[in-house]
Amino acid sequence: AMVALLGSLVELDKAGFLDCILYLSGVSGSTWCMASLYQEPDWSTKLETVKNKIMERISGPGVSWADAFAKLKKYYYEKDIFSLTDVWAVMVVTAFVKE
């Protein structure tokens, strides 16, 4: 979903329709793309730069298991409710999103 949203935005930009978008919403993996977009002010005019940063991150080195475990421990101690979903989320985000 992250790559699909990025690809859709790139193609809209190439077709000259990106500036027609008033709102952008998403769920699940597409929000990972959106979070990367919103880190860049005026992302719609710098889409190529944002795309390159995303592609560099997801093709780069992964997060170490020690760092992933540290993040999981942090979630465990900070949250009132901790579940298997939290474990799954940390493993997916560190494996695929590399954050």
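For the residues Ser36, Ser25, the requirement of being surrounded by 11 or more Cβ atoms within 10 Å (Cβ to Cβ), among the hydroxyl-bearing types (Ser, Thr, Tyr) and under 24 Å from Phe96 (Cα atoms) singles out Ser36. For the stretch 39-55, the count of residues that are at positive phi and either touching a residue at least 24 places away in the same chain (Cβ under 8 Å) or open to solvent by 80 Å² or more (accessible area, probe 1.4 Å) (or both) is at least one.
For the condition open to solvent by less than 50 Å² (accessible area, probe 1.4 Å) and more than 14 Å from the chain's Cα centre (by Cα), what is the one hit in Asp67, Asp80, Asp86? Break it down into steps so the answer makes sense when it comes.
Details: Asp67 fails: open to solvent by less than 50 Å² (accessible area, probe 1.4 Å); Asp80 fails: open to solvent by less than 50 Å² (accessible area, probe 1.4 Å).
Going through Asp67, Asp80, Asp86 in turn, just one is open to solvent by less than 50 Å² (accessible area, probe 1.4 Å) and more than 14 Å from the chain's Cα centre (by Cα): Asp86.
Condition first: closer than 13 Å to Gly7 by Cβ, modelled with pLDDT of 85 or more and not polar (S, T, N, Q). Now tell me which residues in the stretch 18-32 satisfy that.
Keep residues of the stretch 18-32 that are closer than 13 Å to Gly7 by Cβ, which gives 18, 29-30.
Retained after the next criterion (residues that are modelled with pLDDT of 85 or more): 18, 30.
Within the stretch 18-32, just Leu18 meets the criteria.
Would you confirm whether or not the stretch 51-65 contains a residue that is part of a helix (DSSP H, G or I) and farther than 17 Å from Lys98 by Cα? No, the conditions are met nowhere in the stretch 51-65.
Restricted to the stretch 7-22, and to residues there that are touching a helix residue (DSSP H, G or I) at 6+ places or on another chain (Cβ under 8 Å) and within 22 Å of Val97 (Cα to Cα), the residue that is most open to solvent (accessible area, probe 1.4 Å) is Val10. For the stretch 1-51: of the residues being within 13 Å of the chain's Cα centre (by Cα) and polar (S, T, N, Q), which is nearest to Ala89 (Cα to Cα)? It comes out as Ser28. Say whether the condition of being within 25 Å of Leu9 (Cβ to Cβ), among the acidic types (Asp, Glu), at pLDDT below 85 and not in a helix (DSSP H, G or I) is met by at least one residue in the stretch 76-99. Within the stretch 76-99, one or more residues are within 25 Å of Leu9 (Cβ to Cβ), among the acidic types (Asp, Glu), at pLDDT below 85 and not in a helix (DSSP H, G or I).
The values are calculated or read from the model by the stated rules, or taken from the named source; none is laboratory data. All of these numbers come straight from a predicted model, not from anything done at the bench. Ideal geometry is used to build each Cβ from the backbone, glycine not excepted, and the neighbour counts take in all protein chains shown. Please note that ligands, DNA and RNA were not included when accessible areas were found on the heavy atoms of the full protein model with its side chains. Shrake-Rupley method; radii C 1.70, N 1.55, O 1.52, S 1.80 Å.
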